[in-house]
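Working notes, structure below.
Coordinate-derived values only; no laboratory data. Small disclaimer: the values here were computed from a predicted structure and weren't measured. No Cβ is skipped: glycine too gets one built from the backbone with ideal geometry, and neighbour counts run over all protein chains shown.
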Amino acid sequence: MRLGVCYYPEHWPESMWEDDARRMKALGIEQVRIAEFAWSRMEPTPGEYDWGWLDRAVDVLGAAGLQVVMCTPTATPPKWLIDRHPDILPIGADGRPRAFGSRRHYDFSSPSYFTASQRICTAVAERYGKHPAVAYWQTDNEFGCHHTVVSYSPAAVGRFREWLKARYQTIDALNRAWGTVFWSMEYRSFDEIDAPVATVTEAHPSHRLDYRRFASDEVARFNRMQVEIIRAHSPGRPVAHNFMQLFTEFDHYKVAADLDVAAWDSYPLGALEEQWFAPDVKARWLRSGHPDFASFNHDVYRGMSKLPFWVMEQQPGPVNWAQWNPAPLPGMVRLWSWEAFAHGAGCVSYFRWRQAPFAQEQMHAGLNTPDNRLDVGGNEAAQVADEIRAVLAANADANAAIRSKVALVYDYEAKWLFEIHPQGADFHYPRFAFEYYSALRSLGLDVDIVPVDAALDGYRLIVVPPLPVVPADFAARLASSGAQVVLGPRTGSKTADVQIPANLPPGALASVLPLRVWRVESMRPNVTEAVLLVDNQEATAEDGVARHWRDFIDSDSDTVDSLDVRARFADGHPAYVKSGAFHYLASLFDDALTVRLLKQIAEEAGVETISLGDTVRFSRRGALTYVLNYGDQTHTLADVADDAFVIGSRAIEPQGVAVYRSGN
């Protein structure tokens, strides 16, 4: 457990650096990230490097006892490079280059940029790879931010054709897989295939999904190139990348496979404003963030990180990039920091040391104000540093992992496919995955978020949000896990080539879930369908409602008699059925009903639950239990001895934190 900060020595007079480093160390900071946007200072003229300033900055930080996270600067190619190679700029869906003047202005498929990036990464790694102060590395910065994963450039199209050739081998195989006979779209060669953009109406869904898969693979290729260079010149030093919150435009599992540390950038208030949440929800959590949003991301990145994951950028105050940017409530920066540690973070690093008085992010708070006085977030970071020392003194194994009893399967391709083939405009995969997760957390459960190909043995409850494409062995792995399995609607509804399975949904899962989804419908946001629990003899519409979607399960088939129908829609169609250990939800239900059903299924799985509501959250790490209060009322813990507390007490104030010894 340690704290870090993001620092930009190139933004400040060199006369300030020593004092900054001294104050960082005194505050309790241990690691400092630098240089992710400094290419124009490293190489101000093509081929001519200026390392002097960066050498001195690294030396100053190291002399203060700080560990440096050195970054490759490829998120911001300098103007001279763009002028030399304009093909570096990504091409938008409108066919126009996305111009220089901000950041992330590059195309992952550009050969010019790949070569230039190899060169600058090699130069930085050679220079600092064995410097004693450089303890860690970060590749680039926030891959894909500002909608930059997908480009429609000639270079991207050319590489896409090669990608298709490797995937399908022959053009006949592609035509069959895509079903290009529809609308006379058959191809004679891979060279005839363009990007699926600017078509008169909807482009072919299989074409679109493969383009998204290709674009994702390009991100992984670009990151892998940088990691290989760093490992060659800086052996033994962990390599990280800072992913973003609830970002789904590329497959993070594939990128993280080449890293040691999956890090992410946590901005709970900006995320609340920019995500799907209803206005009343945004108003309620305006200055704290939703109680389950940061933790969802913690668990996503914890699940793909080889070493303990990091929060590379933690919001320390108001940000600048959302439509509205409130200030966090007092105590929230501390709470967010402890929430990360409660989910297994190895480092929480604040963005940034000092608020910049110029350029695009001048309204983004730092630990210090622009006039160099400690801000609210800085004071709370200092408190966290003191508390870390107390926790580690009381329990050196405070961040030990535990094996959760509950797993939630999370898949990036599912989001792309539902975006391509939504059938209902608000069928939003990340939202539905989050709603299941939030329901589980409200029951006091620790949750592992895992990919679809993860080992599933040892879990007692496995929750699968809508998963259209399932691997051929998924049913067998679920069955052999011995867990109770919850499957959301639309699971098994497509093949990998985006076709309806020959046996209809749930496709390959029919061997363990004998049902047939013969019709579906999407529902407008102002339309719901009543859901009646079958075991409720006085069932009313108040049991709950279905939203967004309905799967129609064939009640006349030979197999449906083997199903335990546990809930029906008001028109009599099954809404929730069970077969053995498998539970199928034919819709997305309201929050209360979702919690009620998951609680019942968890109990069947032998998993103990606690009804926490929506303001207090528990997490367990090693022998410690962490309790966080997002609410506006004091929460009092019962049955915990006063001498068990390492931080706080049984009475946890609003925006407060408690940590107590609970045993393994």
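Which trypsin sites (Lys or Arg not before Pro) in the range 311-413 sit in a loop by DSSP (not H, G, I, E or B) and have at most 12 other Cβ atoms within 10 Å of their own Cβ? Qualifying residues, ordered by number: Arg373, Arg403.
Shown for His147, His233: other C-beta atoms within 10 Å of each C-beta, ranked fewest to most, produce the order His147, His233. Using only the C-alpha atoms, the convex hull of the range 288-342 corresponds to 92 Å³ per residue. Pair-distance distribution of the range 616-661: all C-alpha pairs, bin width 5 Å, starting at 0; shares per bin in whole percent are 6, 26, 36, 23, 8, 1. Per residue, the convex hull spanned by the Cα atoms of the range 35-176 measures out at 135 cubic angstrom. Kirkwood hydrodynamic radius of the range 157-267, from the reciprocal of the average inverse Cα-Cα distance over all distinct pairs: 16.2 Å. Residues whose amide H falls under 5 Å from that of Arg33, counting only those 5 or more places apart or on a different chain, are Val5, Cys6, Tyr7, Val69, with hydrogens built in the peptide plane. Size check on the chain: the Cα extents along the three principal axes, sorted descending, read 79, 74, 41 Å. For Gly492, the residues whose amide H sits under 5 Å from its own are Leu467, Val469, Val470, ignoring neighbours fewer than 5 places away on the same chain, with H placed 1.01 Å from N. Determine, at each q value in 0.21 (inverse angstroms), the log₁₀ of I(q)/I(0) that the Debye formula gives when each Cα of the range 286-422 is one equal point scatterer. For the requested q values the scattering log ratios are -1.29. Largest first and in whole Å, the equivalent-ellipsoid semi-axes of the range 94-147 read 28, 13, 8, each the square root of five times a Cα gyration tensor eigenvalue.
Based on other C-beta atoms within 10 Å, arrange Ile230, Ile171, Ile610 from fewest to most.
On the way: Ile230 24, Ile171 19, Ile610 12.
Sorted ascending by nearby Cβ count, the order is Ile610, Ile171, Ile230.
Between the range 333-385 and the range 157-197, how far is it from one alpha carbon centroid to the other, in angstrom? Comparing the Cα centres of the range 333-385 and the range 157-197, I get a distance of 49 Å. Once each of the GluC sites (Glu not before Pro) sitting in a DSSP loop with at most 16 other beta-carbon atoms within 10 Å is removed, the chain keeps 1-185 as its longest stretch. With bins 5 Å wide beginning at 0, the percent of Cα pairs of the range 406-604 falling in each bin runs 1, 8, 17, 22, 23, 18, 9, 2, 0, 0. Here the label points at Trp51 and Arg373, each 7 Å from Cα along the C-beta direction, are separated by 4.1 nm in the simple model. Restricting the trypsin sites (Lys or Arg not before Pro) of the range 102-200 to loop positions (DSSP other than H, G, I, E, B) with no more than 13 neighbouring Cβ atoms within 10 Å leaves Lys130, Arg188.
Cross-link partners of Lys282 among lysines, defined as those whose alpha carbon lies under 28 angstrom from its own and excluding same-chain residues fewer than eight positions apart: Lys415, Lys599.
Ranking Pro268, Val464, Leu515 by how far each Cα lies toward the positive end of the dipole of the chain (charges on Cβ) leaves Pro268 at the top.
Distance between the pseudo-spin-label points of Ala425 and Trp324 (7 Å out from Cα toward the beta carbon): 2.3 nm.
Would you calculate a helix-derived [θ] at 222 nm for the chain, using -39,500 (n - 2.57) for each DSSP H run of n ≥ 4 and dividing by the full residue count, to the nearest 500?
Helices in the chain give a 222 nm mean residue ellipticity of -9500 deg cm²/dmol.
Comparing Cα centroids, the range 603-664 and the range 1-74 end up 38 angstrom apart. Around the Cα centre of the range 406-604, unit charges on the Cβ atoms of Lys, Arg, Asp and Glu (plus for the first two, minus for the last two) sum to a dipole of about 240 debye. Note on the range 467-556: Rg/Rh from C-alpha atoms, Kirkwood Rh, equals 1.02.
Please give me the summed charge of the neighbours of Val452: other residues whose Cβ is under 13 Å from its Cβ, Lys and Arg +1, Asp and Glu -1. Summing Lys and Arg as +1 and Asp and Glu as -1 gives -2.
Hey, what did the chain get for relative contact order, percent, Cα under 8 Å, at least 6 apart?
Computed over the chain, the figure is 10 percent.
For each of Asp251, Asp411, count neighbouring Cβ atoms within 10 Å of the residue's Cβ, then give the residues from fewest to most. Walk me through the numbers before you get to the answer.
Numbers: Asp251 20, Asp411 24.
Taking fewest neighbouring Cβ atoms as first place, the list is Asp251, Asp411.
Distances between placed amide hydrogens fall under 5 Å for His548 paired with Met523, all partners being 5 or more residues away or on another chain. Here, P(r) means the percent of Cα pairs in each 5 Å bin from 0 to the largest distance; for the range 404-503 it is 2, 13, 25, 24, 18, 11, 5, 1, 0.
Cα-Cα over 21 Å: which of Lys254/Lys306; Lys79/Lys254; Lys165/Lys494? From the list (Lys254/Lys306; Lys79/Lys254; Lys165/Lys494), the Cα-Cα distance tops 21 Å for Lys79/Lys254; Lys165/Lys494. Under a model in which nothing but the beta-carbon of Lys, Arg (+1) and Asp, Glu (-1) is charged, the range 198-284 shows a dipole of about 180 debye around its Cα centre.
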